[in-house]
1. Give or take rounding to whole Å, what are the principal axis extents of the alpha carbon atoms in chain A, in descending order?
2. Helix C:94-104 versus the longest principal axis of chain C: what is the Cα-based angle in degrees, 0 to 90, to the nearest 10?
3. Would you please state the base-10 log of I(q)/I(0) at q = 0.19, 0.23 1/Å for the stretch C:347-451, with intensities from the Debye formula using one equal scatterer on every alpha carbon?
4. Based only on Cα atoms, what Rg/Rh ratio does the stretch C:181-283 have, Rh being taken as Kirkwood's radius?
5. Would you please classify the overall shape of the stretch C:84-219 from the alpha carbon gyration tensor, given that a ≥ b ≥ c denote the square roots of the eigenvalues, rounded means a/c under 1.5, and beyond that prolate means a/b larger than b/c while oblate covers the rest?
6. How big, in percent, is the set of alpha carbon pairs in the stretch B:85-145 lying more than 20 Å apart?
7. With chain B treated as a Gaussian network of Cα nodes joined by springs under 10 Å, which of B:228, B:212, B:199 yields the largest mean-square fluctuation?
8. Multiplying the sequence separation of residue C:73 and residue C:373 by 0.36 nm and subtracting their Cα-Cα distance, what value in nm do you get?
């Protein structure tokens, strides 16, 4: 009998074989550093008097929050701005949905090559600078002479629809494209009319894309500041403008954080909605 | 079943309206880039010129009859253009490489953990830019306090990589799910190291997803305004923040319109060429 | 003399809380065709992945060719794998797929060409070099996967259900070809499948697995003819399994009659399971038979008729080439060598009284946890399968006892442990010695209770 050969590497015994799972670990660290830590800082400065620019003393306070509840500012500026933001972004989202869903529906029934071209044409405007596009809307309104107080809100809505419409169409299209055509045929086979098939089969099956599209339109328009600044010559103040002002002005980070937290609450609601219908975010792009 | 024209009427009308509203500003930018003055009242009677395009490629603004008060502005624009191109190229390259690696890692987890990781991944996608920008600003202010690293090129690059990676992951992951789950193991089995199994077996198989992801990363980066605004400090500009800065100072030199039309045209040509020459493979988005 | 090529020692593997392999021991000889056979989820693929180097055991050692290879990367092992859905590289053509491993070995171009051609010839796909993978049929992809693995000249080839995706006819052809290839190449094959027919056709040795344990190891004939457990008997082909009693060596009683058989080593009047394959039962005239029944239903299966016969309210399945009319009374007979006797799964039975919180008291100091919600004071019968009585270190156990006796039962032993004059029987594959003191441990969900009926009823 031959004696057992010496072990190749003694450390081998307890060495575990690594899988490709390890490739995701740096990403976790990266997300932790760039999402979790600043979120904690955000909460910290929202509840404190800490001033980043001067490095003042730190003390715990609710003042930053009471600022948006009890103060004169809250009544005359903050809450009206929130209300206006919801009104405008709600309108933008509804318009985008009713304009965008038929587009996605039409794309789905095109030949693959035509679909791809329409898809490309929807993404293409992103290669034209967004700030310049907003400025162009201002120029258009000036040309049409609708750049007056009465029209500011409508102008903002039109410019935002132009900006965010592709983000409504793409998720809906992604979902519609995945629907097995046999399901639609089955519906006809079982006696449903076109209208019934659309409302009872196609529409419910595209719900995931609708939610993604709504969130991807609603949240950006809720928090946009550039559009209202440019189109209303800074006359209309929205949620985004409030945050932006705090960021521009000195010493406004604490209240700015409170505003951000308010925004985060809205986006968490949106996030949960999206994750419920689409766990891995496949409809987001 | 053939459909009547009436049932297509609404979708077609919506599509025409949608493209109209999306493309109006794009077309206006195109027109503006060829008109002489900036004055709106004269726009109809304006004569056409290529001087804004020429101004991109020369420093001798006198020959183009560009007033000296705009000339210095155009010089800062050229810096902003270089910044944009540099940031976009670097962040696209880096986020494509790392996004692909992370997607491969995420894909090898069970459904439950994968969902969690994708939730993390999707935070920057869903989170409004203004909040993402504010959060990144906070971490960079902290970084400045501790390391003295001032906001500028580096922080903007990190921020762009940060919001680009999720798009790469989202583009690559569906392709990964399509390939055989044992592809990596098969390559290891036949003698590949951990690294070469990825480069030789997985990457070629998911190439279309990687290209889509890179295009997304590039598109998001070159067009970014809000996040760059927050993390760039007061000295560093990309084209977006430069336009914003000019707008707030009430005048935008039209050279930037010319630049914008060039970028858009390159993308447009690339789209036309790719769609009309190459066979469309399934699942390809951009 | 043959030598051991793969030696698996005490392999345990858990994913989180689920244990997929329990203390697994197996050795495989050179040039052997070994099949791991079991239902999905039995741990067979996990085992294969550990041998291939894609997973690490939680504990235990894997020896290959005499060397410990636990932590050796898969690219450093002289082992190749044919994956379940082949995992061919879609971006490479047939030639580049097959040449993949050779190129990594930095082999000369001309030699690579030669080797690839030889491998393609072996799998009968000469001239396919330039074909793209997505133009191949399932059977062709399977052959390319085979060629890609064997071209590397491994000492051991792992095959993970390689025929599962093929249709029946192709699968049968490939079974034959695989066996031929293995003989020709002289490579050891470890073949994983849940298809008993595949296992019986190709293997030198079959390892039947379930729930991460080996149930039986043997040649195809042994496994088919002498299944050791009910699970093996059912898994390997259809079987009639009935309860019987071993009157003495070579004599078993079932269906009210005694039959000669070829088994021995049971205790007198021990309850046993009797296994008879459908093709081993013979239909004869009722008046000559010890077993009588009525034909209840029948199906024509091509080669044979499958006839179901009701005997004493039990259904027997018989395969015969002759057709019989429905409803007639027939007799059944079976020759002694076709009667397979299996030990019944062991059962511990105690009487006890319920205590608080589902605890059940079976003696002064022995109190077991159960999941029952019976009231305190209820008299119960406690039943615990011998396989659920776990022997462990004394510290972590429910109570301790002394080993009084050990009876070998094939790969298991029945260990008799005495505690406070109560005997517990534990079926285990671990080694124990008579006289040792051990801890006894029973999971609460394994303790089955039944309210004791009053005698007077």
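1. Cα extents, longest axis first: 99, 70, 35 Å.
2. Once rounded, one gets 90 degrees.
3. Debye intensities relative to I(0), on a log10 scale: -0.89, -1.22.
4. 1.06
5. Prolate, since a/c reaches 1.5 and a/b exceeds b/c.
6. Values: 900 of 1830 pairs.
For the stretch B:85-145, the share of Cα pairs beyond 20 Å comes to 49 percent.
7. B:199
8. Details: separation 300, 0.36 × 300 = 108.00 nm, distance 5.16 nm.
Between residue C:73 and residue C:373, full extension yields 102.8 nm more.
Each reported figure results from applying straightforward, stated rules to the coordinates on display, with no laboratory input. This is a predicted model, so every value here is computed, not measured. Note that each Cβ is placed from the backbone with ideal geometry, even for glycine, and that neighbours are counted across all protein chains shown.
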